[in-house]
1. Could you pull the copy-to-copy label distances for B:ASP302, with points set 7 Å along Cα to Cβ, in nm to one decimal and sorted shortest first?
2. When each copy gets a label point 7 Å from Cα toward the beta-carbon at A:ASN274, what are the spacings between them in nm, shortest first?
3. If one puts a single equal scatterer on every Cα of region B:280-326 and applies the Debye formula without solvent, what log₁₀ I(q)/I(0) results at q = 0.14, 0.24, 0.27, 0.30 Å⁻¹?
4. Counting helices only, and only those DSSP H runs with n ≥ 4, report the 222 nm mean residue ellipticity of chain A as the sum of -39,500 (n - 2.57) divided by its residues, in deg cm²/dmol to the nearest 500.
5. At A:ASP164 and B:ASP140, where each label point lies 7 Å from the Cα along Cα→Cβ, what is the point-to-point distance in nanometres?
6. Which aspartates and glutamates, if any, have their Cα less than 19 Å from the Cα of B:LYS253, not counting same-chain residues under 8 positions apart?
7. Sorted from largest down, give the three principal axis spans of the alpha carbons of region B:79-176, whole angstrom values.
8. Summarise the partner chain shielding of A:79-86 as one whole number: the mean count of Cβ atoms from other chains within 10 Å of each residue's Cβ.
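Only the coordinates and a few stated rules stand behind these numbers; no lab work does. These numbers were taken from a predicted model, which means no experiment stands behind them. Virtual Cβ from ideal backbone geometry, glycine too; neighbours counted across all protein chains shown.
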2 protein chains.
Amino acid sequence: MMKKHNFSAGPCILPQEVLQKASEAIVNFNGLDLSLIEISHRSADFVAVMEKAKDLALELLDLKDKGYSALFLQGGASLEFLMVPYNVLPIGGKSAYINTGTWSSKAIKEAKLLGEVVEIASSKDSNFNYIPKDYNIPDDVTYVHCTSNNTIFGTQMKEFPITDKLLVCDMSSDIFSRKLDFSQFDLIYAGAQKNMGPAGTTLVIVKDSILGKTGRQIPSMLDYQIHIDKESMYNTPAVFPVYVSMLTLEWLKNLGGVEAVEKLNDAKANLLYNEIDSNPLFKGVAKKEDRSNMNVTFVLTDDSKKQRFDELWKAAGISGINGHRSVGGYRASIYNAMPIESIQVLVDAMQAI
Amino acid sequence: MMKKHNFSAGPCILPQEVLQKASEAIVNFNGLDLSLIEISHRSADFVAVMEKAKDLALELLDLKDKGYSALFLQGGASLEFLMVPYNVLPIGGKSAYINTGTWSSKAIKEAKLLGEVVEIASSKDSNFNYIPKDYNIPDDVTYVHCTSNNTIFGTQMKEFPITDKLLVCDMSSDIFSRKLDFSQFDLIYAGAQKNMGPAGTTLVIVKDSILGKTGRQIPSMLDYQIHIDKESMYNTPAVFPVYVSMLTLEWLKNLGGVEAVEKLNDAKANLLYNEIDSNPLFKGVAKKEDRSNMNVTFVLTDDSKKQRFDELWKAAGISGINGHRSVGGYRASIYNAMPIESIQVLVDAMQAI
């Protein structure tokens, strides 16, 4: 059977060898004659999975032995929108948010439940097609929150705020895709379902020293310190999503880590953006300097070609490239596991109109 | 390969045919040539899974078209401990809890963050080896909370409070295992990882009319009404755990539903309890009238036989029967998917000492 070219924005493509191993573990895990999903999460076999997943996450971000903890929690980035202020914002405190789209807006909404939010910059004025770079960080905020990549609009931050406040970043859609100095962040969170694994687990990387300073009574399940103390097993974790995340991080390490995959990602993005810029039938949505290497948004310049183009890419085995309803057009999500060959297939379809 | 006899308390045994289908869906779901875990949760194929899972849950509990909604959320029962008071307890309100063990105690701890909790009964005085039945429900509480089955201590409620207050029940470890009048409850929640599926999703069944009456500002991810309005897709759900839950509920329906499985569960529990009661080397932990049909707790009456018994059950391919550290001895969890043949293997080992 021909493997589809899966450009889905998330949940999205995962490495084929990861899917194969995950499938096998469902019937027989570690040669135990038991399924991964029917053994105790307290068993030595699963505890080793959780430990390895946390360890690989820190290692790949070059944050091992630097005072950070890694957690695999439930609830997606959407629950982190609430957990961040719960754990970091003092009672009566203020926070600063850079609004670069849907996800930032949702983060702001939850933070407002716990304190004053200063929206220090926003690109809402042009439907979030750029990253605002001109802002001042008030002196009385505890932390600055940003979203590194915007799946819907196809923008990506290339530079991050330089500040003496805590720096918090939602990296759901580009974590593990490029080299950054991750130690500039105090708190990073990411839903797994882009570059890391299946839906159902969320990676949180937190600098230990920032916790315990809010004066708040934090509900147990929302308290990072409780999860750290219980080694990410305060309650039954999402066993399968954590296991597949571990497999994917292992795959990435074997590939050469974040630096190696960044080179591949650059080549993939260049191939597609070059076609968008050189083909008069297409136009990019995001401002050039803020273009995402993960989610490539583009539109047809001639709507009468839509039917023909849609037929072409469907015939080529491409799926998942319809744009988000708030942007329209097309969105090709080209995460870590996407081979450049699939992008060539898309480029071929763009050229064949 | 010999299939193990898996008595794990949770995550636990699932039907073999469910594991097989789940394994296949990881490499090719619905004949799409795509993995279940790499397609969009908004795709028609996955939306159908979510709808079917919710529908089967209501159907099997005989709650269809009776004003209830079903949700598949993240965070486990532990997050529900917080969500219940957030969604049901008015500001300044009081709630009543029956404390039957570890899980009730944790539920009480979270509820206290949002209002006054009256612990109307507790069996803590004898390490939770019975279900307290003598209690008064104060007139000024909004709801009464109970835990239907206690995995750790091996007790199970046979009768539920009769009250004009809202009735809330944590059914994590015995939902779908026996016939009850489920319409006596206003709110039921259950982590999937016992009778329903793998860890990572939580079923919530809520009577629509009880919501929206607290006067509280509820964070989005903790708000049942938001999840209902978004059809359990407010954010990306735990795709794989929901899918496997759907498969398990389908398996249960084909088996004849809750009534049919209850007969099998009764036969299984009787076989094991009869051996415990007739074999002088063993003694049950829970009070007879409160014995759980899901988790059978027992100890050796002669500790010198421990090594011999442990060798016997291990040699027979049995796993997961060590008791919880707070009780000791043994715990055989005999959930829906456990065949009676496996229990016979355990009984044989008990007789062979």
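1. Its label point is 9.3 nm from the equivalent points in the other copies.
2. Counterpart label points of A:ASN274 in the remaining copies fall at 7.7 nm.
3. These q points yield log10 I(q)/I(0) values of -0.40, -1.06, -1.18, -1.23.
4. Details: 9 runs with 119 residues, N = 353.
For chain A, the value works out to -10500 deg cm²/dmol.
5. 5.1 nm
6. Those aspartates and glutamates meeting the cut-off are B:GLU17, B:GLU51, B:ASP55, B:GLU59, B:ASP62, B:ASP65, B:ASP174, B:ASP181, B:GLU262, B:ASP266.
7. 35, 27, 27
8. Average neighbour count from other chains, rounded to a whole number: 3.
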